[in-house]
Amino acid sequence: VDYYDNAAGAGAVHLVRVTDGNEVQAEATLYARYESLLTAMGTLKAKNGGRWGGKKSYHTGDVSSSSDITDTTLDTGLSTFTTDQWKGGYIELEDVPNVQFPIIGNDNTGVISLAADQTMKTQYDALSGSSLRYYLVLENEGKEVTFTIGDGEDSPTTEFSLEVFVDGETVKKYGNLNTDPTSGKYWVDVINEDTGNDEIEAVDLWTGAHTAAVRPANHYGVIDAGLTDTVLTAIIHDFTITLSPGGADATFALGTTTDEMEPQKITVTMTGVGAFDAVSDIFGDLGSGSTDALFTPNNKWTPPFTITEGGTALASGDVMSINYKPFQPDALIGGRVYPDKVNAKNVNYRIVDNDHKTITAADGSDMTTDGAAADSFMVVAPTPLVGGVDGNADLVDADYTQQAYDVDASPFNQLFGKNYGLVKMATPGITATAVQKGGLAYASARNYEYRYEVLSNITTEVAAIDYINDTIGRSDYAVGAFPSYGYESDPNSTEGKLMLVTLSGAIMGREARIAVDYNGYHKAAAGQDAVLPQVLKVTTGEKALNEEILNPAGLQVIKKVKGNFVIWGDRTLYLDPTWKWKHQREQMSYYENVLRESFDWIIFAINDPITENLAKVTLRSFFEPEWVKRALRGATFNDACVIKIDGENNTNATRAAGDMYADITLRLADTVERFIMRLGKAGIFDDAA
C-alpha cells in the first residue's frame, strides 16, 4: 500500500509469494440447480493460497479431559492444524455460553493459545463445567473473494454468468459460461485460461449429462408452504435412502433449527434394529441415535432430526443421506430473489433481510403473484470462498532464498525479455541475514538493485554502519536507509494508534515516482521532494542523525524537513568507489538491462562494417535523448557519449569468432551532495561586482 500511495501511478510491482508449504486455497463448492440441495457440480478456488481469499472456518470436537483446558490454552490433541491456522478466531466452550475467547495462535500439535489475560478455565470451573465440547470459529470479516452467479447474458436458459469480487469490489465478470467441456464457452477453460484473471480458478466435478439444471447458482431450492408478499420460507434440507436392499421406506423430519447451524451432509448408517450412527462431512462423528425419536447431535452446528420407520423397517447396514443447506444469516442482504425461477425466470425482488431459512424482500414486493409453495426459487447474492490458510507461520530463511532468490529457478527470472530495465528488489519486513544476503546475490547476478533493511532496534549511526559492514555486507548493487522502520497511523485503530512498518515500500514508491517525473534515474531520488508523507515518526526518535557519517558510508537518512520525513542521500553501499553514487549505478543498470534485451535483432546479422554502422546509428539514437534530458553530461553529444564500433575493436579474428564489439563510454550525470557557499570581504582594490 505504501508503495502505491507514494508512487502515485508510477512503476509496477512484481511479487513472489513465499510460503512454508502449508498454504491452502480458499474455496467454495458450486451446486447445480437441482431441487436436491447439495448436488455438487464444481469448485471455485482462490488463484493462490492464503486468507486473502477467505479464511472462514469452523471446527468442533471434544478435548480428552478438563485438564486440557487452562485459562490461556486449549489442547485439542489434533496434529492436523497448521501453525497459527486459527489465529484471529475464537474459542467457545459448550458449558461457558455466550463467551468468545479470542485466539492469538496455535501450534501444529493442536494447542490453541489465548492472550495472557484470559480466564477460560476459571469461567469453566465457576459454571461447574463438565462438557468437553469446544468450538473453533474463524470469520472472514469482509476480507474475502465472493461471487455471484446468474443466467447467461446471451443464452439465459442454458448458460450462466459469474461475477467475482475481492473485498466487495468487482474484479472479473464472465457473461456467458457453459458447463459442457465441448463448448467454446466451457467455464473451466474460460476462467483458467484467462491471462487477466489473478483471482480464481475453476474445477469441474460433474460427470453426467449436461443439461440446463447442471448450471450452478448461489442458492437454488424449493419454497416451503410459507410464502407471503415479502417473506419466502425455503425447504433447506433433503433426505434420501441411499442403500436399503430390503426397500425400507422411512421418512425424515428436521427438528428445531437455528441460525448457528452450518451447511453439511449427514450420513446415517443403521447399526441394528432401530439404531444408527450419524456422521457429518464437516464435523465428523455426531453420535448414535434411534429411529422414531428426536436425535440431537453432539454439537450445536448440526440440526436435530427424526427418522421415522415406514411400512418396511430399516435394517442394519441401510444408509441414509441428509443434505442440510441453510442460508448464512444476513449474507443475502442486497441480493435478488427469484420466487419462481422456472415460470417467471426474470422476475426478482431485492433482499433486505434473511435468517437461515427465510428471505425477506423489500417493502412493496409481491412475491405471491409469481411464486407459490413447491415452486423453485433462486437467489443471486455474493457467496464467499472459505478455508484459506496463509502458510507463512513456519517460514524459515531457506524458504526465501530457495523460492524467491535462487538465481537459476527464481520466478523473478520471468521478468527477462520484457524490457523492464532496472528492477529494484526488497524483502519488506524480513531482516534475516541469510535472506538479505540472498536477495543481494540475486540482484547482483541480474544487474538489479537490492534494498537492505537495518534492524528496527538499531538506533545509532555507528551501530547501523557496523550492521551493514559486519553483518550483511557491502555491495555496489545494495542500497539502504537508516532508519529502515517508522510509524504510521494504524487504519484499524479508532484511537489514533500508530503501527510500526517497514519503510521500504514507501521509499521505493517515491523513487518510482521521481524516476517517472524525470524520465530516468539521472535525478537522485532524494532531497526535499522525496517526501514520505505517511511516516509520522521513526524508530530513532527525535534526535537529528549525522548524515555526514551515514551518507558517505552509503546509508540514506530518513529525516524530517519542513514537517515531513524525506529521503536524504544518494549513495550505494559500495565496494568500488567508482559506483558510490546511487543514481549512477541505477542509471547504468537500466542502460545495460535495456540494451541487452533490445539488440536481439543483430544476432545472426551479417558481420561486416555495414552492420557495425547500423549498430552505431541505433545506439546513438538510443543515447541522444538521454543527453538531451541531461542524463549524460557534456557540451556536445560526443563529449557525453563515445560509441566505438569499427575496425579496431572488430577485426577479422573477432568476426571469425562470431563476435561484434561495441565499446561505449558514458559521462553520467552527477549530483549535488553539498552546496558550498564561499563568502568573503572585498579588499580596497577589489571590485565586488
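The values are calculated or read from the model by the stated rules, or taken from the named source; none is laboratory data. This one's a predicted model, so the numbers in the text were calculated from it and none came from an experiment. Here the Cβ is made from the backbone with ideal geometry for all residues, glycine too, and neighbour counts use every protein chain on show. Accessible surface is based on the protein model in full, side chains and every heavy atom, while ligands, DNA and RNA are left aside. Shrake-Rupley method; radii C 1.70, N 1.55, O 1.52, S 1.80 Å.
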Just tell me which aspartates and glutamates come within less than 17 Å, Cα to Cα, of residue 629; anything on the same chain fewer than 8 places away is out.
517, 586, 639, 670
Can you quote the Å³ per residue value for the convex hull of the Cα atoms in region 57-124, rounded to an integer?
82
Over 18 Å (Cα to Cα) - which of 616/644; 55/173; 537/560; 537/562; 143/357; 87/537 fall in this group:
55/173; 143/357; 87/537
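Report the gain in length on full extension from residue 104 to residue 415: 0.36 nm times residue separation, minus Cα-Cα distance, nm rounded to one decimal. Let's see the in-between values first.
Values: separation 311, 0.36 × 311 = 111.96 nm, distance 3.86 nm.
Gain on stretching residue 104 to residue 415: 108.1 nm.
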Centroid-to-centroid separation of region 7-77 and region 266-315 [C-alpha atoms, Å]
29
Principal axes of region 513-635: Cα extent on each, largest first, Å
64, 30, 29
Could you let me know the centre-to-centre spacing of region 145-168 and region 331-367, using Cα atoms, in angstrom?
17
Rounded, prolate or oblate: which one fits region 15-89, using the alpha carbon gyration tensor with axes a ≥ b ≥ c (rounded when a/c is under 1.5, else prolate when a/b beats b/c, else oblate)?
oblate
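Does region 296-348 classify as rounded, prolate or oblate by the C-alpha gyration tensor (a ≥ b ≥ c root eigenvalues; a/c under 1.5 gives rounded; else a/b over b/c gives prolate, otherwise oblate)? Kindly include the intermediate steps, with their values, before the conclusion.
Working: a/c = 4.38, a/b = 1.80, b/c = 2.44.
Oblate.
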In nanometres, the difference between 0.36 nm per residue of separation and the alpha-carbon distance of residue 228 and residue 561 is 113.2 nm
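Based solely on its DSSP helices, what 222 nm [θ] is calculated for the chain when runs of n ≥ 4 H residues each add -39,500 (n - 2.57) and the sum is averaged over all residues, nearest 500 deg cm²/dmol? Mind showing how you got there, number by number?
Values: 13 runs with 114 residues, N = 689.
So the helix-based figure for the chain works out to -4500 deg cm²/dmol.
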Label of the coordinate-derived value, mean projected area of the Cα convex hull in nm², listed as (i) 30.1; (ii) 70.6; (iii) 46.6
(iii)
D for region 342-437, whole µm²/s, Stokes-Einstein with Kirkwood Rh over alpha-carbon pairs at 20 °C and 1.002 mPa s: what number?
109
With a bin width of 5 angstrom, please list the P(r) values of region 195-265 as percents of all Cα-Cα pairs, from the 0 bin to the one holding the largest distance.
3, 8, 12, 16, 17, 17, 13, 8, 3, 2, 1, 0
Mean Cα-pair separation over length for the chain, i.e. relative contact order, pairs under 8 Å, 6 or more apart, %
12
Evaluate the relative contact order of region 431-474 (contact order divided by residue number), counting alpha-carbon pairs under 8 angstrom at least 6 apart; express in whole percent.
43
Set the Förster distance to 35 Å, then compute FRET efficiency between residue 653 and residue 630 from the Cβ-Cβ distance, nearest 0.05.
0.30
What is the helix-to-structure angle for 504-517, meaning the angle in degrees between its Cα long axis and the longest Cα principal axis of the chain, kept from 0 to 90 and rounded to the nearest 10?
60
Report the normalised scattering of region 134-246 as log10 I(q)/I(0) at q = 0.10 Å⁻¹, calculated by the Debye formula with identical scatterers on the alpha carbons.
-0.45
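Would you mind getting the accessible area per residue of region 373-425, heavy atoms of the protein chains only, 1.4 Å probe, in Å²?
Values: 2330 Å² over 53 residues.
Accessible area per residue, region 373-425: 44 Å².
Please report, as a whole percent, how much of the solvent-accessible surface of region 242-289 comes from carbon and sulfur atoms (probe radius 1.4 Å).
Numbers: 1270 of 2280 Å².
Here carbon and sulfur together make up 56 percent of the probe-accessible area.
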Accessible surface, region 428-564, averaged per residue in Å² (probe 1.4 Å)
41
Based on the alpha-carbon gyration tensor of region 431-528, what equivalent-ellipsoid semi-axes (square roots of 5 times the eigenvalues) come out, in whole Å, largest first?
24, 21, 13
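Does region 1-159 come out rounded, prolate or oblate by the C-alpha gyration tensor, with a ≥ b ≥ c the root eigenvalues, rounded set by a/c under 1.5 and, if not, prolate when a/b is larger than b/c and oblate if not?
Numbers: a/c = 2.58, a/b = 1.48, b/c = 1.74.
Note, shape of region 1-159 comes out oblate.
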